[in-house]
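J.: Before we start, here is the structure in question, set down as structure tokens.
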Amino acid sequence: MVKFIFDLDGTLTKKETLPIISDYFSLQEKIAELTTQTVQGNIPFVESFIRRVSILGKCPVSEVSELLAKVELHENVHSFISANPEHCVIATGNLLCWVDKTIRKIGCKAYCSEASVENDTVTKIIFILRKEAVVDYYKKQGDFVVFIGDGNNDMEAMRLADVSIATGLIHAPANSVLAVADYAVYNEEALCRLLNQLL
């Protein structure tokens, strides 16, 4: 079976989610540069993620979840997933407690990072998702794996996938991603045409 593994931020959502949280809670100065440097591959994702969660983790989890549930999705990509949920999976480094409602809205299986939550705040990161582990899991099941992403933290998963697609739907794909991608697409229509060809 073909498995399409989608990055969440910027690939399925029309905006990166961590900057949305930081803007809403007036923490944008602390987060903006970290996000930029991470997307460009100048700071390792795990290090950046821990630093960003330490800043944003004090925000009420219930408010963050509601806020991110309102983020617009790329409609055509969402329609493809809705038509083929058994073929589609989300792999995001984002915390499940923050993106749970977004994932339910998208409607397919998802793998996320996880944290412990007490008194509506993140107290500790329990698990940081390695997206390449999700690719490896499905390849070991005998699936033909297609990975779709845009950031530096997608690079290892894309390198391991049978086919990798770099997306530039909201910003240019990271150079590391372009170096390993089989395809690069810059609009939804082109992406969905390619997904349907690979199905």
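The values are calculated or read from the model by the stated rules, or taken from the named source; none is laboratory data. Here the structure is a predicted model, which means the values were calculated and not measured. Cβ sites come from the backbone with ideal geometry, for glycine too, and all protein chains shown count toward neighbours.
J.: Take the range 85-101 and flag every residue that is touching a Cys at 6+ places or on another chain (Cβ under 7 Å) and part of a helix (DSSP H, G or I). It would help to see each step written out before you state the result.
T.: Going through the range 85-101, the residues touching a Cys at 6+ places or on another chain (Cβ under 7 Å) turn out to be 85, 88-90, 92, 94-96, 99.
If the condition is that a residue be touching a Cys at 6+ places or on another chain (Cβ under 7 Å) and part of a helix (DSSP H, G or I), then Pro85, Leu96, Val99 are the ones that fit.
J.: Out of (1) part of a strand (DSSP E or B); (2) among the β-branched types (Val, Ile, Thr); (3) closer than 27 Å to Arg193 by Cα, the odd one out for Ile81 is which?
T.: (1)
J.: Return the pair list, or none, for Cβ contacts closer than 6 Å from residues in the range 155-179 that are under 20 Å from Phe144 (Cα atoms) to residues that are of a type in the set (Gly, Ala, Ser) and surrounded by fewer than 19 Cβ atoms within 10 Å (Cβ to Cβ), at least 6 apart or on different chains.
T.: Listed by first residue and then by second, the contacts come to Ala166/Ala184.
J.: Follow-up. What number of residues within the range 170-193 satisfy the criterion of being in a loop (DSSP other than H, G, I, E, B) and either out of contact with any helix residue (DSSP H, G or I) (no Cβ under 8 Å at 6 or more places or on another chain) or modelled with pLDDT of 95 or more (or both)?
T.: Qualifying residue count for the region: 7.
J.: Can you list the helices (runs of 4 or more DSSP H) found entirely within the range 28-76 that contain at least 3 residues being among the charged types (D, E, K, R)?
T.: Passing ranges, in order: 28-39, 45-56.
J.: Got at least one residue in the range 156-164 being under 30 Å from Pro60 (Cβ atoms) and assigned to a loop (DSSP other than H, G, I, E, B)?
T.: At the first step, the residues of the range 156-164 found to be under 30 Å from Pro60 (Cβ atoms) are none.
No, the range 156-164 contains no residue that is under 30 Å from Pro60 (Cβ atoms) and assigned to a loop (DSSP other than H, G, I, E, B).
J.: So, one more: Considering (1) closer than 18 Å to His87 by Cβ; (2) out of contact with any Asp or Glu (no Cβ under 7 Å at 6 or more places or on another chain); (3) not hydroxyl-bearing (Ser, Thr, Tyr), say which one Ala157 fails and leave the rest.
T.: So Ala157 meets the others, but not (2).
J.: Inside the range 112-126, can you point out the residues that are crowded, with 19+ Cβ neighbours inside 10 Å and closer than 20 Å to Asn153 by Cα?
T.: Matches in the range 112-126: Cys112, Ser113, Ala115.
J.: So, one more: So which residues in the range 113-132 are touching a residue at least 60 places away in the same chain (Cβ under 8 Å), outside any strand (DSSP E or B) and under 18 Å from Phe45 (Cβ atoms), if there are any at all?
T.: Matches in the range 113-132: Ile128, Lys131.
J.: Of all the residues that make up the range 41-62, how many are farther than 30 Å from Asp143 by Cα and touching a residue at least 24 places away in the same chain (Cβ under 8 Å)?
T.: Number of matching residues: 11.
J.: Among the residues of the range 22-47 satisfying the criterion of being among the hydroxyl-bearing types (Ser, Thr, Tyr) and modelled with pLDDT of 85 or more, which is nearest to Cys112 (Cα to Cα)?
T.: Checked the range 22-47; the qualifying residue nearest to Cys112 (Cα to Cα) is Ser22.
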